[in-house]
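A short worksheet on the structure shown next.
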Amino acid sequence: MSVIRDLAAFVTTASAARLPADECAMLRRHVADTLLAAVAGAKTTEGRALRKVVPHASVAEAAGMMAAVIRHTEIDDIHTRSCTTPSSVTVPVALALARQHGAYDPDIVASAIWIGTELMARLGVAIDGARILYRGLWPTYFTAPLGTAAIAARMLHLNEEQTAHALSLALMLSAGRSGRFHGALPGRTVILAMAVTNGIRAAETAAQGVGGDPALLDGPWLRDAQGIDAKIEALTAGLGSGSIYREMTIKPFCSAKQAIAAIEAFTAIVDGGVSPDAITKVIVRVPPPYSRMVAMKPEAGARASTIVSAAFQMGLAACHRERLYDIERADAMKETAALGLAGKVEIVADESLLEFFPATFPAEVEVVANGKTLRQRITAANGDPGRALDDAALARKAAKVLAFIPGSSPQEIVTTGLDGLDNSSACKALADALWYNCVER
């Protein structure tokens with residue numbers, strides 16, 4: 001069989017009900033975390049703009065718009081080895097299609113979410129997403145058409161042959177490469193919405209008999225067409241024997257994942273009894289691939305810079321910690337104490353940390369205060385595999401995020417997400433909650 005036909009066999013037969021109980025619980029937790037991001041993201045300035053600008057006349061377009069709203073929050077989950085953020089894509093697509101067709105079988109919906117998540121992460125690993133990101137290819141954008149086509153194929157009950165064509169068509173629609181976005185509404189999540197819609201349409205056309213090329217990945221297509229030397233075997237090795245959820249991270253607060261270990265390490269030092277006023281210098285060591293990224297300086301009017309900058313967020317952790325949960329980050333440049341501390345931070349590329357990357361995104365922090373140097377290394381941050389957030393921790397995250405966004409019940413959102421795959425009525429309530437908050441509200 002070809003690679004794509006192996007994937008098609010998985011897409012048409014995999015059942016989330018056969019996953020171990022702990023992985024089923026992980027899947028539900030990632031669904032709940034995604035609903036939180038959708039509810040919060042729909043109410044930010046950027047989220048409202050996305051809902052206005054991104055077309056959503058069709059369900060395929062609406063699914064893309066919801067993915068954009070979720071992804072822009074930077075509180076959604078991540079698979080670090082692939083550097084993809086799968087649930088921002090897979091959860092809204094599966095639930096939008098369930099709502100469109102009135103198909104709320106919880107195993108089919110859960111299986112579709114898992115299938116899409118699995119394929120996005122595996123393709124991301126195959127292209128070495130955690131490293132290729134810094135060469136201008138955005139792994140989530142690249143993998144989204146494949147993941148959404150897989151979900152749509154399952155939700156629309158395509159047979160194995162139709163699914164193979166759908167997946168190959170979706171791969172042909174993969175772009176991946178992007179630039180540095182400017183403007184009042186950065187185009188990053190807008191093009192992600194388009195990629196999501198394209199994946200769904202690939203499956204819809206395959207259902208009507210449109211053909212692709214099921215042998216697409218059996219030769220050098222990724223290298224010749226995309227310039228990527230991919231490890232194709234990563235797509236199918238052990239496929240179906242377990243899920244990718246054991247490798248995934250739920251972020252503890254709003255931040256680029258690459259900065260979280262540094263923030264946690266610095267917070268531990270400050271909470272150990274170091275006054276922020278006594279700090280004279282901070283050195284942050286991270287693996288070379290993302291050292292330049294997290295060294296970004298915060299800029300007025302550039303929300304993303306306040307979420308990527310490790311130094312600024314360390315300042316927030318010391319001086320105004322609750323704002324780490326503020327996804328809007330309005331008036332960030334008025335955080336003068338945080339900015340002052342950020343000015344004392346130096347980011348250093350450290351190759352010794354590469355042994356932990358990309359399974360995790362580690363950091364080591366040195367703080368000079370009161371004539372002493374204190375060090376803290378974090379190789380697996382809060383929310384990473386081995387330190388996963390449980391249901392109670394997710395509820396605390398929801399409460400802190402939504403404290404900045406009045407009008408939503410954290411407990412109701414988390415419960416709807418966690419219980420949404422229990423039965424058909426709960427699944428309908430979950431799909432309706434996502435749709436109402438992102439599309440109709």
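The values are calculated or read from the model by the stated rules, or taken from the named source; none is laboratory data. Here the structure is a predicted model, which is why all the values come from computation and not from measurement. Please note: Cβ atoms are built from the backbone with ideal geometry, for glycine as well, and neighbour counts cover all protein chains shown. Heavy atoms of the whole protein, side chains included, go into the accessibility calculation; ligands, DNA and RNA do not. Shrake-Rupley method; radii C 1.70, N 1.55, O 1.52, S 1.80 Å.
Show me the ranking of peptides 257-264, 339-346, 27-34 by mean Cβ neighbours inside 10 Å, starting with the highest. Write down the numbers at each step before the final one.
On the way: 257-264: 26.6, 339-346: 17.8, 27-34: 25.1.
Going by the mean number of other Cβ atoms within 10 Å, highest first, we get 257-264, 27-34, 339-346.
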Handout entry: For the stretch 82-95, 3J(HN,Hα) per residue [Karplus equation, 6.51 cos²θ - 1.76 cosθ + 1.60, θ = phi - 60°, Hz, x = Gly/Pro]
Key = 9, 6, 9, 10, x, 5, 4, 9, 6, 5, x, 5, 4, 6
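Apply the a/c threshold of 1.5 to the C-alpha gyration tensor of the stretch 47-194 and tell me whether it is rounded, prolate or oblate. Could the numbers behind the result be given before it?
On the way: a/c = 1.75, a/b = 1.21, b/c = 1.44.
Taking the square roots of the gyration eigenvalues as a ≥ b ≥ c, the stretch 47-194 is oblate.
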Handout entry: Size of charge dipole - the stretch 159-311 - debye, nearest 20, with Cβ of Lys, Arg +1 and Asp, Glu -1, no other charges
Key = 740
Exercise for the section: Identify all aspartates and glutamates with a Cα-Cα distance to K334 below 12 Å; exclude those on the same chain that are fewer than 8 residues away in sequence. Expected result: E299
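To the nearest 0.05, how large is the calculated FRET efficiency for V210 and A359 if R₀ is 45 Å and r is the Cβ-Cβ distance?
Numbers: r = 39 Å, r/R0 = 0.87.
About 0.70, to the nearest 0.05.
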Handout entry: Helix 310-319 axis, angle to the chain major axis (alpha carbon atoms, nearest 10°)
Key = 60
Completion exercise
Dipole check, the stretch 200-293, charges on Cβ (K,R +1; D,E -1), about Cα centroid: among G238, T249, P220 the Cα furthest to the positive pole belongs to T249
Handout entry: the chain: angle of helix 139-155 to the longest principal axis, Cα-based, in degrees nearest 10
Key = 40
Completion exercise
Filtered hits (lysines, Cα-Cα < 24 Å from K251, offset >= 8 within chain) -> K43, K297, K397, K400
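Mind giving me the FRET efficiency for S408 and E299? R0 is 25 Å, r the Cβ-Cβ distance, nearest 0.05 is fine. Mind showing how you got there, number by number?
Details: r = 29 Å, r/R0 = 1.17.
Here the calculated transfer efficiency is 0.30.
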Practice task
Once you've got the GNM for the chain with C-alpha springs shorter than 10 Å, pick whichever of S425, S352, S409 has the biggest mean-square fluctuation.
Solution key: S352
Problem - Neighbourhood net charge (15 Å Cβ-Cβ; Lys/Arg +1, Asp/Glu -1) for R377 - result: -4
Completion exercise
the stretch 333-404 accessible area per residue, 1.4 Å probe, protein heavy atoms, integer Å², reads 49
Handout entry: Per residue accessible area of the stretch 138-203, 1.4 Å probe, in Å²
Key = 33
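Leaving out ligands, DNA and RNA, what percent of the accessible area of the chain is carbon and sulfur, probe 1.4 Å? Write out the running numbers ahead of the final one.
Numbers: 8330 of 16110 Å².
So the carbon and sulfur contribution to the accessible surface is 52 percent.
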Problem - Degrees, to the nearest 10: 424-435 long Cα axis against longest axis of the chain - result: 60
Practice task
Report the charge-dipole magnitude of the chain in Debye, nearest 20, computed about the Cα centre from +1 at each Lys and Arg Cβ and -1 at each Asp and Glu Cβ.
Solution key: 1080
Exercise for the section: Net charge near G47: determine it from the other residues with C-beta under 13 Å of the C-beta of G47, scoring Lys and Arg +1 and Asp and Glu -1. Expected result: +4
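Please report, in debye to the nearest 20, how large the charge dipole of the stretch 243-328 is about its Cα centre when each Lys and Arg carries +1 at its beta carbon and each Asp and Glu carries -1 there. Could the numbers behind the result be given before it?
On the way: 10 positive and 8 negative charges, 62 e Å.
Charge dipole of the stretch 243-328: 300 debye, to the nearest 20.
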Handout entry: aspartates and glutamates whose Cα lies under 14 Å from that of K344, excluding same-chain neighbours fewer than 8 positions away
Key = D277, E366
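Could you please report the charge total around A359, scoring K, R as +1 and D, E as -1 over all other residues with beta-carbon less than 11 angstrom from its beta-carbon? Spell out each step's value before the answer.
On the way: positive: R81; negative: E247, E355, D384.
Net of charged neighbours comes to -2.
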